[in-house]
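Step one of this worksheet: look at the structure below.
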Amino acid sequence: MSDIHPTTVIEPGAQIAHDCHIGPFCYVGRNVTIGPGTRLLNHVSIHGRTTLGSANVVWPGAVLGGDPQDLKFHGEDTQLVIGDNNQIREAVTMHIGTENGGGVTRVGNNNLIMIEVHVAHDSLIGNNCVISNAVLLGGHVEIEDHASIGGAAAIHHYVTIGAYAFVGGMSRVTQDVPTFMILEGSPARVRGLNRIALMRHQVPEPSMARLKDAYRLLYRNHDEPASTNGLSLTERLAELEANSDNDPYVTRLIQFMHNMCDGIHGRHRETLRTDNRFTNPVK
């Protein structure tokens, strides 16, 4: 039987698994589903069509499933879907999606989302990510698996942060962050290969060496990839592809870079937009 404090308000229609713990002064809306073993500690508000999977812990002051801060949103039936085993710390806010963005804001499994993080509408967070205090995710942001973001970083809408990437604290991120790379600054720049994350996940040494060579080719002057030694980025990517030995990690980096370069202002997800970005108000 669920352990629900008597001061909590649960609207009729909410679906709560039998072994949830819901502490004092929480609010659970009528379209909310909470899975087995999930704990709401106290003063947690969950609104909208929000689903939490199993074994999540939501800390005081978090507000999940609120309406998007998007002037195009007019009350459509959209969702926030959160997976399993996430730590959602104090004062985190997550909004439901918009019809224009696919209708779902989604958070995967095993993530640590620290104090005062904001996850805007239609954002997609993968698995095993660490998002530090006061990080701001604009709408339609995607964070791939095993990425980490330092405190107070601000992520422009439609940015993709690649798998195993690291974004330094207080960075201003306006373009996609290539997978496996370290990025920091304002505006942010690629600074190196995220070797610590790759070693932790036991990437083979030959692949590590090829990724180091790839970083030197693409970013050896610590500049954004515009031109180096007379070679355009397209030429450098072609050179990298020709010498990659079909390494799966390098291939993944090359594909990410192609997607980024084919995007708008260095953001691949901008190409997926269905609204008229020149005339419609966008948040």
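Each reported figure results from applying straightforward, stated rules to the coordinates on display, with no laboratory input. Note that the structure is predicted; figures quoted are calculated from it, not measured. Because the Cβ atoms are built from the backbone with ideal geometry, glycine has one as well, and the counts that use them run over all protein chains shown.
Quick one: helix 233-242 against the long Cα principal axis of the chain, what's the angle to the nearest 10°, folded into 0 to 90? Approximately 80 degrees, to the nearest ten. Per-residue ellipticity at 222 nm from helix content only, as computed over the chain with -39500 (n - 2.57) for each DSSP H run of at least four residues, stands at -5000 deg cm²/dmol. Label-to-label distance, Glu205 versus Cys261, with points set 7 angstrom from Cα along the beta-carbon direction: 3.2 nm. Database remark: amide H of Thr38 closer than 5 angstrom to the amide H of His21, Ala55, Asn56 (H placed geometrically; neighbours at sequence offset of 5 or more, or on other chains; Pro and chain starts carry no H). Summarised as an ellipsoid, the range 53-93 has semi-axes of 23, 13, 6 Å, derived from the eigenvalues of the Cα gyration tensor scaled by 5 and square-rooted, with the largest first.
Extent along the principal axes, Cα only, for the range 3-140: 38, 31, 20 Å, with the longest axis given first. For the range 207-216, 3J(HN,Hα) computed residue by residue from phi via the Karplus equation (6.51, -1.76, 1.60; θ = phi - 60°) reads 5, 4, 5, 5, 5, 5, 5, 5, 4, 4 Hz, glycine and proline entered as x.
Taking the Cα centre of the range 1-127 as reference, the dipole from Cβ charges on Lys and Arg (+1) and Asp and Glu (-1) amounts to some 140 debye. Along the range 171-183 the Karplus relation, 6.51 cos²θ - 1.76 cosθ + 1.60 evaluated at θ = phi - 60°, assigns HN-Hα couplings of 6, 9, 10, 10, 10, 4, 9, x, 4, 6, 9, 9, 9 Hz to successive residues, with x for each Gly and Pro. Karplus-based coupling profile of the range 86-96, in residue order and whole Hz: 9, 9, 10, 7, 4, 6, 6, 10, 9, 9, 5, with θ = phi - 60° in 6.51 cos²θ - 1.76 cosθ + 1.60 and x standing for Gly or Pro. The alpha-carbon atoms of the chain define a convex hull whose volume equals 121 cubic angstrom per residue. For the pair Val9 and Glu76 in one chain, pulling the backbone fully straight at 0.36 nm per residue adds 21.7 nm over the alpha carbon distance. Comparing His258, His156, His268, which has the greatest mean-square fluctuation in the GNM of the chain with Cα pairs linked when under 10 Å apart? Largest GNM mean-square fluctuation: His258. Close amide H contacts of Ile4 (hydrogens built in the peptide plane, cut-off under 5 Å, sequence separation of 5 or more or a different chain): Ile22.
Which longest run of the chain has no exposed loop site in it, a site being chymotrypsin sites (Phe, Trp or Tyr not before Pro) in a DSSP loop with at most 16 other beta carbons within 10 Å, and the site itself not part of the run? Counting at most 16 other Cβ atoms within 10 Å as exposed, the longest clean stretch of the chain is 26-277.
Considering only the other residues whose Cβ falls under 13 Å of the Cβ of Glu76, what net charge follows from Lys and Arg at +1 and Asp and Glu at -1?
Net charge in that neighbourhood comes out at -3.
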